[in-house]
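Working notes, beginning with the structure itself.
FYI, it's all coordinate maths here, none of it is from the lab. All figures in this text were calculated on a predicted structure; none of them were measured in a lab. Backbone-built Cβ (ideal geometry, glycine too); neighbour counts: all protein chains shown.
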Amino acid sequence: MLSVQNLEVVYDDVVLALRGVSLEIPDDRIVALLGANGAGKSTLLRALSGMLDIHDGDVRKGDVTLDGTSVARLSATAMAGRGIKHVLEGRRVFRELSVEENLRVGAHVARKDLRANLVRVYDLFPRLVERKDQLAGFLSGGEQQMLAIGRALMSGPRYLLLDEPSLGLAPMVVAQIRDIIAEINHQGTGVLLVEQNATMALQIAHHGYVMETGRVVMDRPAAELLADDDIREFYLGLGAEGERTSYRDVKHYRRRKRWAS
Amino acid sequence: MNELLTAVFSGLGQGSIYTLLALGFVIIYKSMGVISFAQPAFMMSGAILVSYLSPRLGFWVAVVLGGLVVAAVALVVERLAIRPMVGKAVFVIAIITIGVDIIVRVVAGAFVGADPRLVGDPWGLDTWSLGGVQVQQRHVAAFVAAAVIVALLAAFFRSTPIGLAMRAAALDQEAAMAQGVNVGTVFATSWAMAGFLAAIAGVFAAAGNPLDQNLWIVGLAALPVIILGGLDSLLGAVVGGLVIGVVEALVRNYHSDVFPDLATNTGSLAPYVVMLLVLLVRPYGLFGTKEVERV
């Protein structure tokens, strides 16, 4: 199990981005992490994948543990080697490498399983087979997201950390990506799914966390979150009675409700 | 006609040396986003080292060994002087490389001594005559060596895991780290490769003449080459190197016909004039990426 306990992260010695976050990702589960911009979701992912130091971030308190041992000080390379793969926000494919070269870079820490993993990724994403010799920069947004996820899978990770895989994609494609994430999890990879698209995330997640200004403010099974009135109003765009609220009505009073205060 | 071809061949030989140097610049630029001004010093120390090694080990062993030693020196320099500065402004790092250049050059220059030193190459100034065209053997050797090295580099970047990782890191460092690529290894490898290439270039630049303290100035000619070819393009380094070499040789050859009253040979200016002309049309160089950061 991958988990963080009371994690405090500071950027540039000044900006407190996480204020004591605890979260658990059990093996073989999908955990959704919701929250508005600036809540600290991406920071949490960076702490889990060892990418804090290049952003001048520092763990001040608390710990990141993998199966009970602390991994908070490990480098990104070491974390990838331990089976934790981070899919960055905004896809970030290597635009001037071909699709297959992108995948080969993804296998950097698991060279000897390259063949088997390549077959597995091509099975999951048949679209990538058709385009394997094309430059990744020429793929559509959805295909690039598939490539980014496939690239992370190339080392056969135990945990996949996905940062907003639905960002900027058409609803149909989002549904496709959602089903693929469920399938990846079904094949035995633990997933931490950071999303603004709460509907999509909660449909497939087993458990959900809601973050706000660096704290976890809700921690419940996904089904309960889906039924929660506040979540429905703030994240799913449904009114208190369950009907879709017109944006015009919302604008009148612009209630800003916070759980943490 | 023969005179023209002779000049072209000598230009290709000299251009091969520029190509080797420029490749080192480009490899470092692609991996770190910094121009390393230490290349001329590595080039000179390579030539000096080989001049000491070749009487004992023979020329070829000396070249390979000298290249490897300079690569090791570059590795140490990167680890001690450059790595701690990663993330700082590129300008600062570029200035540090100038400091490194001067230190290495002074230390290496102390070994040149008063007696003329030779790198011990088998060619000297011997020529082959191909139907009236005089081709210097050292130029042919430089061209062949550059061709072999370029082919090896192409295979390295295409097929090996570290080569692929270096290309990936050049495109998106953070995404490469997320795949488990160790960016420190990428930096170190790029410096070692650049050091090796510079040392080989130095040997060919010094071939045929006794070593002198000003050998490193040849290294500066790689600057118009990389600007011309595009800072971040290996192909640009190859094409740019050969173009600059040939243009320089042609201008040098026909200088006295065109400017009979000018004592200084305009050949030395030619690379910079070509660079300026190309930049007017393509500000990012012949093969460079458009958004390349300026240093």
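Pairing the Cα long axis of helix A:141-153 with the longest principal axis of chain A, what angle in degrees results, from 0 to 90 and rounded to the nearest 10?
70 degrees
Could you pull out the chymotrypsin sites (Phe, Trp or Tyr not before Pro) across the stretch B:41-148 that fall in loop regions by DSSP (anything but H, G, I, E, B) with no more than 16 other Cβ atoms inside 10 Å? Intermediate values should be presented prior to the final figure.
Values: sites: B:F42, B:Y52, B:F59, B:W60, B:F91, B:F111, B:W123, B:W128, B:F143; in loops: B:F111, B:W123.
Those satisfying the criteria are B:F111.
Which trypsin sites (Lys or Arg not before Pro) from the stretch A:52-87 combine a DSSP loop assignment with at most 16 other Cβ atoms within 10 Å?
On the way: sites: A:R60, A:K61, A:R73, A:R82, A:K85; in loops: A:R73, A:R82.
Within the stretch A:52-87, the qualifying trypsin sites (Lys or Arg not before Pro) (loop, at most 16 other Cβ atoms within 10 Å) are A:R73.
Can you tell me what the convex hull of the Cα atoms of the protein assembly as shown projects to on average, as an area in nm²? Could you put the intermediate results ahead of the total?
Numbers: hull surface 128.2 nm².
Result: 32.0 nm².
Angle check, please: helix A:171-186 long axis (alpha carbons) against the longest principal axis of chain A (alpha carbons), in degrees 0 to 90, nearest 10.
For helix A:171-186, the angle is close to 70 degrees.
Between exposed trypsin sites (Lys or Arg not before Pro) in chain B, where DSSP calls loop and at most 13 other Cβ atoms lie within 10 Å, what's the longest gap?
Numbers: sites that count: B:K88, B:K290, B:R294.
My reading of the result: B:89-289 is the longest stretch.
Tell me, what HN-Hα J-couplings in whole Hz come from the Karplus equation 6.51 cos²θ - 1.76 cosθ + 1.60 at θ = phi - 60° for each residue of the stretch B:154-167, using x for Gly and Pro?
4, 5, 4, 6, 7, 10, 7, x, 5, x, 5, 4, 5, 5
Treat every Asp and Glu Cβ in chain B as -1 and every Lys and Arg Cβ as +1, leave all other atoms uncharged, and give the resulting dipole magnitude about the Cα centre to the nearest 20 debye.
Values: 14 positive and 15 negative charges, 123 e Å.
Charge dipole, chain B, about its Cα centre: 600 debye, nearest 20.
For chain A, which span is the longest to avoid every loop-located (per DSSP) member of GluC sites (Glu not before Pro) having at most 10 other Cβ atoms inside 10 Å?
Details: sites that count: A:E241, A:E243.
Longest gap between qualifying sites, sites excluded: A:1-240.
Considering only lysines 8 or more places apart in sequence, or on different chains, count the pairs in chain A whose C-alpha atoms sit under 20 Å apart. Walk me through the numbers before you get to the answer.
Details: A:K41/A:K61; A:K41/A:K85; A:K41/A:K257; A:K85/A:K112.
The number of close lysine pairs in chain A is 4.
Any chance you could check the Cα centroid distance between the stretch A:33-89 and the stretch B:160-224 for me, in angstrom?
For the stretch A:33-89 versus the stretch B:160-224, the Cα centre distance is 32 Å.
Between the stretch B:5-59 and the stretch A:141-217, what is the C-alpha centre distance in whole Å?
Distance between centres, Cα-based: 49 Å.
Quick one: work out the % antiparallel among DSSP beta bridges in the protein assembly as shown, nearest 5.
On the way: 30 of 49 bridges.
Antiparallel: roughly 60 percent of the beta bridges in the protein assembly as shown.
Hey, rough spin-label estimate for A:R95 and B:T264, points 7 angstrom out along Cα→Cβ, what's it come to in nanometres?
Result: 4.2 nm between the two label points.
Given DSSP loops and a limit of at most 15 other Cβ atoms within 10 Å, what is the longest stretch of chain B that contains no such GluC sites (Glu not before Pro)?
Values: sites that count: B:E291, B:E293.
In short, B:1-290.
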